[in-house]
Amino acid sequence: MFGLDQTTFMSITAALLGFFYYVLVSPASKSRQKLPPCPARPWPLLGNITSLEENPRQQFKQWHKQHGDLFSIYFGNTLVVVVNGYKMIRESLVSKGNAFLDRPPMVANDLIGMRDAGLAFNCGPAWKEARSTTMLILKEFGLGKDTLAQRVQEEVNYFIEKLADLRGEATDIQYIIHISVSNVIASIIVGKRFSYDDARLKKAVESVVQLASCAREAAAINYLPVLRYLPGDMFNSQRLLQATTTMRDFFAEFFSQSEVDEPGENFISSYKQKREEKLKAGETTSLSDKNLMKTLMDLLGAGTETTSSTISWCLLYILHHPEVQLKIHEELDQVVGQNRKPNLDDKPRLPYLDAVIKESQRLASVVPFSIMRLASKDVVLGKYVIPEGTSVIPNLDSVLHDPEIWGSDAEDFRPERFLNSDGTVRHREEFIPFSVGRRNCLGMSVAQTELFLFLSAMFQRFKFVLPAPGDLPSLKETFGLTAVPAAYKVRCLDRLQENVTKS
Ligand code: HEM
């Protein structure tokens, strides 16, 4: 045929078939052809690590605008796809969510020999069991209701007295907020609260702060492990190891104690009981001491800085908008007064405060890039193919600050956007600070309970004012895993003292 001998003809046919398979059918070719665009040229070995800004919020916003809802960056040789916009985030985490349930491995877990342990970074059946067991235990504690609310309320009472002790002195109260919020999680886990001066709790809280602050640099080691060995701990692997070890040591003390505690008294004893029940019933289970330890570390890590930063942001926005504080006081005085503490039943009758909390969460967007996911198979998103093994960043910030959703004043603090014209709270489905889908924030109800009980009690008792007239604190943030306001001072004026409310 065409003057070709049979062997040559067969070879050419095989080559052409191979070529068409490669170009049109194989996953590698699909992904190569249809990968989301890469806004910055990746360097060999380093990828885009050097071109990412320290705080990439603005950079991602720009790239989203230029390249659409999906764009690619490279961490070392690893492809990372950033998913933007409400529709695309829903498509990836909800409708196609089963393909994005896993997380990429994290170096911090490797460093302490806990790569496949615990909850927040685990994958597959072990993650599923850790998540359902944790949810069940929290539910038994009265998630969002009585028992949990009581624990939070108890902590809030100590917190309010601590603020009153400042006697109106200009103080940076972020640390006090952080300690109090950590105490809530600690009391769930070990069944008791710690005094504000307890050295163990202080060390544990500092380890969470350290973990979050060095996580960004350390993330580079996930993709280029050799960076770990550079001199001077340039990529924070030693600091990370230190922080995780401190956190582990904090809980280790309570492990043996829990043997004598009643199940249900604290998280540790309940978890151990659930494991015993499964073993007695002859079920296979991944519940183990190692998984328990890592789950506790995950709860403390995920559940403290997120909530305490949100409270700090809310207070900071209020300092910038004294008229909002006036309205909160008015509402609280009418609905609750000063003769009793606010409780969860008051929430539906405090829509303005609820709107203020939601607006603070929206604008602060404290976990702007959520926690990374991993594609467990090839997935089509929009007109692109996301290949198996790709790391995925759901850019929640792109939704929470989207002017098409929130209007041209999306960058402003305006609680009224969460209110209907009759003053009731307006539900906005695009309000997703806790992410969406089967692997969204496990502590959402705990966080909402804390935010409401802390902030309602704070505004009931205090008027928050600038450290000195005209001394408006900056809205700058430090950025690690979460967005934390830069240190600022505030004066907490006790409304129980005469003349404070009117002044
Ligand atoms: C305002 C406070 C909080 C915010 C904004 C927040 C936000 C988030 C976000 C965005 C994620 C990632 C979800 C995803 O991958 O789709 C997450 C995960 C998680 N959060 Fe929260 N969170 C908060 C408070 C809490 C609290 C109080 C707890 C614990 C009681 C908690 C426990 C967790 C856990 C365990 C995960 C990992 C879930 C998993 O991998 O299955 N969070 N959170």
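The values are calculated or read from the model by the stated rules, or taken from the named source; none is laboratory data. Computed from a predicted structure; not experimentally measured. As a convention, Cβ positions derive from the backbone with ideal geometry for all residues, glycine included, and neighbour counts pool all protein chains shown. What goes into the accessible areas is simple: the full protein's heavy atoms, side chains included, and nothing from ligands, DNA or RNA. Shrake-Rupley method; radii C 1.70, N 1.55, O 1.52, S 1.80 Å.
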Long-range HN-HN contacts of LEU79 with modeled amide H, under 5 Å: SER391
Between 0 and 90°, nearest 10: helix 444-461 axis offset from the chain longest Cα axis: 30
Crossing angle, helix 267-280 versus the chain [Cα axis fit, 0-90 degrees, rounded to tens]: 50
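Using the heavy atoms of the protein chains alone and a 1.4 angstrom probe, what is the accessible area of the stretch 283-400 per residue in square angstrom?
Details: 3980 Å² over 118 residues.
With the other protein chains kept in place, the stretch 283-400 gives 34 Å² per residue.
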Zero-based 20 Å bins, Cα pair distances in the chain, whole percents: 21, 52, 22, 4, 1, 0
C-alpha long axis of helix 305-320 to longest principal axis of the chain, angle in °: 60
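Of all the accessible heavy-atom surface of the chain, with the other protein chains kept in place and a 1.4 Å probe, what percent is carbon and sulfur? Intermediate values should be presented prior to the final figure.
Working: 12810 of 23260 Å².
The nonpolar share, carbon plus sulfur, comes to 55 percent.
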Nonlocal amide H pairs with CYS38, under 5 Å, H built at 1.01 Å: SER72
Span from the the stretch 53-124 Cα centroid across to the the stretch 451-469 one, whole angstrom: 36
Protection proxy ranking, peptides 312-325, 414-427, average beta carbon neighbours within 10 Å, highest first: 312-325, 414-427
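If I stretch the segment between TRP43 and GLN238 completely, what's the gain in nm (0.36 nm per residue apart, minus their alpha carbon distance), one decimal?
Numbers: separation 195, 0.36 × 195 = 70.20 nm, distance 2.65 nm.
Using 0.36 nm per residue and subtracting the Cα-Cα distance, I get 67.6 nm.
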Separation of the LEU326 and LYS489 label points, Cα + 7 Å toward Cβ, nm: 2.7
Helix-only mean residue ellipticity at 222 nm for the chain, each DSSP H run of n ≥ 4 adding -39500 (n - 2.57), per residue, nearest 500: -15500 deg cm²/dmol
Built amide H within the under 5 Å cut-off of VAL379, gap 5+: ILE386, GLU388
For the stretch 233-238, 3J(HN,Hα) per residue [Karplus equation, 6.51 cos²θ - 1.76 cosθ + 1.60, θ = phi - 60°, Hz, x = Gly/Pro]: 6, 4, 10, 6, 5, 5
Residue-wise HN-Hα coupling along the stretch 49-61, computed from phi with Karplus coefficients 6.51, -1.76, 1.60 (Hz; x: Gly, Pro): 3, 7, 8, 7, 6, 4, 10, x, 3, 5, 4, 5, 4
Integer Hz, Karplus 6.51/-1.76/1.60 couplings in order for the stretch 207-215, x for Gly and Pro: 5, 5, 4, 5, 4, 5, 6, 9, 5
